[in-house]
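Enquirer: Below are the structure tokens for one structure; questions will follow.
The values are calculated or read from the model by the stated rules, or taken from the named source; none is laboratory data. Fair warning: this is a prediction, and the values are worked out from it, not measured in the lab. Methodologically, a virtual Cβ is constructed for each residue, glycine included, from the backbone with ideal geometry; neighbour enumeration extends over all protein chains shown. Calculation scope for accessible area: heavy atoms of the full protein, side chains included, ligands and nucleic acids excluded. Shrake-Rupley method; radii C 1.70, N 1.55, O 1.52, S 1.80 Å.
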Amino acid sequence: MPGRARDGRGLLLPVTLAAMLTTIIVLALYLGRSVFVPLALAVLLSFVLSPVVRWLKKVWVPRVVAVAIVVMVTLSVAALLGLVIARQVTDLGSELPRYESTLRTKLKVLRTGMAQSSIVDRATATLNELSKELDPRSGPIDRPPVANSDARPIPVEVHQPPERPLDTLQRIVAALIQPLTTTGIVMLLVIFILLQRDDIRDRVIRLAGAGDLETTTTALNDAAYRLSRLFLVQSVLNAGFGAVIAA
């Protein structure tokens, strides 16, 4: 029995430490999400863009110029997609009244058809009324008192102050600050990762251990190549599906 108690205490300590470590990691990720989310997006985007940079280097384009071209093309594509989405949302907003009138017409037709062929509904309503009359728990049906025709309610109107152009501009800018800031941080990190790719790889190798530099370097290069190819293929497939759906 003492040995079992000692084993239980010995297992409880690692489990407690693991739970505390997991809680600390999750809390750190939650509190630092404003930093970790752009960093994760930058790493993924750099994996997608690395094959393009390598291809440009193979055709005798300097790394700085290749990174600049890739980043500019990426920003242009993102801006074009944003304009297309904004235009679609604007068109949808302008077409909403027509959609609303069409839906109202359809609902009116549906309601008329149901009213014309609602024998079962009327029978169900009649049975419900009879069951209410026969239910001893339900008291006599109180009719609402007739309102006095002389007592008229006082109309109350609430008017919002007119919105100034400066308020509209501040609201738009406040809504765009966070996405633009995140995009700027992501692009800066992508530029840094693409420019310093070899240096970052060497630092990771030194952190992982210098016992077998050749094997570690080969493994990291192979992993980076496979991840880059995977993300690039996924991006091309998603773009192809999007083009087909848009067409």
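Enquirer: With SER94, SER50, SER76 as the choices, which residue is open to solvent by less than 50 Å² (accessible area, probe 1.4 Å) and either assigned to a helix (DSSP H, G or I) or closer than 17 Å to ALA239 by Cβ (or both)?
Expert: None of the others qualify; the one that does is SER50.
Table: residues versus (1) part of a helix (DSSP H, G or I); (2) open to solvent by 60 Å² or more (accessible area, probe 1.4 Å).
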{"position": "ALA28", "(1), (2)": "yes, no"}
{"position": "PHE36", "(1), (2)": "yes, yes"}
{"position": "LEU56", "(1), (2)": "yes, no"}
{"position": "VAL61", "(1), (2)": "no, no"}
{"position": "VAL71", "(1), (2)": "yes, no"}
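Enquirer: Write out, first by first residue and then by second, each pair whose Cβ atoms fall under 7 Å of each other, whose residues are 6+ apart or on separate chains, and whose first residue, in region 35-47, is hydroxyl-bearing (Ser, Thr, Tyr) while the second is assigned to a helix (DSSP H, G or I).
Expert: SER46/VAL190; SER46/ILE193; SER46/LEU194
Enquirer: Just one of LEU189, LEU180, LEU194 is at pLDDT 70 or above, of a type outside the set (Ser, Thr, Tyr) and open to solvent by 100 Å² or more (accessible area, probe 1.4 Å); which is it?
Expert: Only one candidate passes the filter, namely LEU180.
Enquirer: Could you list, in sequence order, the residues of region 213-235 that are surrounded by 11 or more Cβ atoms within 10 Å (Cβ to Cβ) and β-branched (Val, Ile, Thr)?
Expert: Selection gives THR216, THR217, THR218, VAL233.
Enquirer: Restricting to region 29-56, what's the tally of residues that are farther than 15 Å from LEU188 by Cβ and in contact with a Ser or Thr (Cβ under 7 Å, 6 or more places away or on another chain)?
Expert: Adding up the residues that qualify gives 4.
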